[in-house]
Amino acid sequence: MNLKKLFFFLSPRLSHRPYKLGITQYRFYCDRPRPGPLAYYKSLVNQGKLQHDPYQEKVAFELDNLLGRLDKYEKDMEEYHENLAKWEEKREKERRRLLTEEAQTKQQGGVSASVNKRRNFIQKWMSRSPDSVEPGVGKWVSYLNREKKLDSLVSKRPVAPAAPKGLYLYGNVGSGKTMLMDMFFGATEGIVQHRRRLHFHEAMLQIHDLMHKVWKSKELENSLQSNISNWIMNLPFDTKIKEWLVEEEKYKHDMKMKNILPAVADKFLADGQGSRRGACVLCFDEIQTVDVFAIVALSGILSRLLSAGTVLVATSNRAPRDLNKDGMQREIFLEFVDRLEEHCETVPIGSEIDYRRHLAQTSIDETHYFWPLDDSKIKEYENKWNMVAGQSGGRVDSQTLPVMFGRTLEVFESCNGVARFTFEYLCGRPVGAADYISIAKSYHTVFISDIPVMSMRIRDKARRFITLVDELYNNHCCLYCSAAASIDDLFQGTEEGTLFDLESFQFETETETTRLRRDVLAEGNVSSAGSPTGIISLLSGEEEMFAFRRAVSRLIEMQTPLYLDGVRYLHPYFQGNKIEVPEIDSTTTIPS
């Protein structure tokens, strides 16, 4: 359970109105400062809304201590970034002065004759072939010499303040990791300027999207052209000298872009947030190293963020050194773990209780999960669809959803935030997290029919279903299912019939070839195929069993009144449409 659900323990319909609350996805705001994680946790225990757990209380205590250190760290980082901006501005002025002096020397030395007719040399340079460009060795030497001069002319780079250690929380399914992390994330509002909360699937998609943009160098080229027009065009040099200056500027940019992962990391938190002043906090739910790409990407990006002072609070089912039991890219993985342990305290949540299941046992709810697939239950499921769709107040029609990377997904039956699908349509085809995120953000209520009992024989479908459940849960969707078995019996994972699923080594887009991913992996000196040992271990089913248990736990919670009440307040559909939420009881159908 996460902070979204916990809001309802304190919501106006469950208690007195101590202050006005408004909800947006993954955060809440109030008219007075929110309590820290420990005070919030204790208040819920005292009200009987949570069962006391010493492991959870210890984690809440650690998160509270971290929150207390962030206030000073934010101020220190603001001062640091002010000093850094002044230093960078001074250094850039000196660099341009040195470069202009070099150009003046070349001009006076007759490196090129003046040109009578003005040419658009930028266009010419952009379209020239690589063979016409000066070899890189000379540029490298010039670049180093210029940097050495700058080191002697400009004061040393300001040193960033030491960041407080983050927390890496791990434990069993339903033990409260995400709930506690979200308590912390909500409490950082107003304390830390740059803050993000991401689930693994969404983070990996964003990383891939940023890689795609950086790889195509659109932003680099635009930045370079702007740089040229801002100062080189107006210099009193002839075209040849200006072309030389352009090449030097391009080389400087190339040096910065040599490693794609740090370039992506630099945009991961600050992009689109204006000034980079202040501290950065990243809350990362369900860290996994499911394949080579995840290991390489997370290692490069998180290492860069941590080195730059980002405070990380992460959750996982495993301790850091147990994340990669399959031994894929072991050297890169161990460097990543070393960096995690250097910058984060590792805190286990040792409880064996699945609190989602405990909550479900104390709840009474209308049916949202229909099983088995006999005539009676199928009829009940169809009646429920007709009722919910009818109460949505619109006409059931088809819709085309936009998906990341320029793809689309056809939704054949939808109506005012309600949609239904078959299991085979969502999980039996080559779709994935990007499609499911689009569905989860677009529809507050989702019907999925004909869910089979899943085993390793259909592990590719099972993986997709688990990812689908994750995204519906993360976006707080209302879910209705018709299935062949009860939730507890839905995943019958065994070793027999194990199949090698090539999709574990692919990514979400069909519009692009796999060249991008192969090239990215090559940049990290990683084989796109992975090691033989890694492939064999991936087929063992151990990771699936973790995921199965999480999916079962979430499916159980998604049937409870507490979760279902949250749909009206927390789903992006209602936020986007700014719908006023009336006072209602737990059995009221979701309004359109």
Pairs under 8 Å by beta carbon, first residue within 18 Å of G350 (Cα to Cα) and part of a helix (DSSP H, G or I) in the range 33-61, partner aromatic (F, W, Y) and open to solvent by 60 Å² or more (accessible area, probe 1.4 Å), six or more apart or different chains?
-> L38/F61
One residue from F293, F284 being at pLDDT below 90 and within 16 Å of the chain's Cα centre (by Cα) = F293
Restrict the check to the range 1-14 and report whether at least one residue is open to solvent by 60 Å² or more (accessible area, probe 1.4 Å) and at pLDDT below 80.
-> yes
Residue, most open to solvent (accessible area, probe 1.4 Å), within the range 281-337, restricted to residues that are over 17 Å from F185 (Cα atoms) and among the hydroxyl-bearing types (S, T, Y) = S307
For the range 155-182, pairs from a residue that is more than 10 Å from T315 (Cα to Cα) and open to solvent by 30 Å² or more (accessible area, probe 1.4 Å) to a residue that is among the β-branched types (V, I, T) and not in a loop (DSSP other than H, G, I, E, B), with Cβ under 7 Å and 6 or more apart or across chains, are A163/V311
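Tell me the residue from K93, K75, K106 that is outside any loop (DSSP other than H, G, I, E, B), farther than 26 Å from R195 by Cβ, at pLDDT 90 or above and open to solvent by 50 Å² or more (accessible area, probe 1.4 Å), please. Explain how you work it out, then say what you get.
Details: K75 fails: farther than 26 Å from R195 by Cβ; K106 fails: at pLDDT 90 or above.
Going through K93, K75, K106 in turn, the sole match is K93.
Any residue in the range 300-320 that is of a type in the set (D, E, K, R) and farther than 16 Å from V281 by Cβ?
Within the range 300-320, the subset of a type in the set (D, E, K, R) is 304, 318.
Checking the rest, the ones that are also farther than 16 Å from V281 by Cβ come to 318.
Within the range 300-320, one or more residues are of a type in the set (D, E, K, R) and farther than 16 Å from V281 by Cβ.
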Taking the residues in the range 220-246 that are crowded, with 16+ Cβ neighbours inside 10 Å and in contact with an Asp or Glu (Cβ under 8 Å, 6 or more places away or on another chain) as candidates, determine which candidate is modelled with the lowest pLDDT.
-> L224
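Just wondering, is there one or more residues in the range 343-356 that are outside any strand (DSSP E or B) and at pLDDT 95 or above? Step through it out loud before you land on a result.
Step one: of the range 343-356, the residues outside any strand (DSSP E or B) are 343, 350-356.
Cutting the leftovers down to at pLDDT 95 or above gives us 343.
The answer is yes, given that some residue of the range 343-356 is outside any strand (DSSP E or B) and at pLDDT 95 or above.
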Pairs with Cβ under 9 Å, 6+ apart, first in the range 444-468 and free of Cβ contacts under 8 Å to residues at least 24 places away in the same chain and over 23 Å from E382 (Cβ atoms), second among the hydrophobic types (A, V, I, L, M, F, W, C) and open to solvent by less than 40 Å² (accessible area, probe 1.4 Å) = I458/C427
In the range 445-464, how many are modelled with pLDDT under 95 and of a type in the set (A, V, I, L, M, F, W, C)?
-> 5
Among residues belonging to the range 38-72 that are open to solvent by 30 Å² or more (accessible area, probe 1.4 Å) and of a type in the set (S, T, N, Q), point out the one that is nearest to the chain's Cα centre (by Cα).
-> N65
Between residues in the range 329-345 that are closer than 13 Å to A319 by Cα and residues that are in a helix (DSSP H, G or I) and among the acidic types (D, E), which pairs lie under 7 Å by C-beta distance while being six or more apart or on different chains?
-> E345/E62
Is it the case that the range 207-219 has a residue that's at pLDDT 85 or above, aliphatic (A, V, I, L, M) and touching a strand residue (DSSP E or B) at 6+ places or on another chain (Cβ under 7 Å)?
-> no
Residue pairs within 6 Å by beta carbon, gap of at least six or interchain, first lying in the range 135-150 and within 14 Å of L245 (Cα to Cα), second modelled with pLDDT of 85 or more, listed first then second, are R146/L98
Considering (1) over 24 Å from the mean Cα position of the chain (by Cα); (2) farther than 23 Å from L562 by Cβ; (3) modelled with pLDDT of 90 or more, say which one C427 fails and leave the rest.
-> (1)
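The values are calculated or read from the model by the stated rules, or taken from the named source; none is laboratory data. Quick caveat, the model's predicted, so the values are computed rather than measured. Positions of Cβ are backbone-derived with ideal geometry, glycine not excepted, and every protein chain shown enters the neighbour counts. Surface areas here come from the heavy atoms of the whole protein model, side chains and all, with no ligands, DNA or RNA. Shrake-Rupley method; radii C 1.70, N 1.55, O 1.52, S 1.80 Å.
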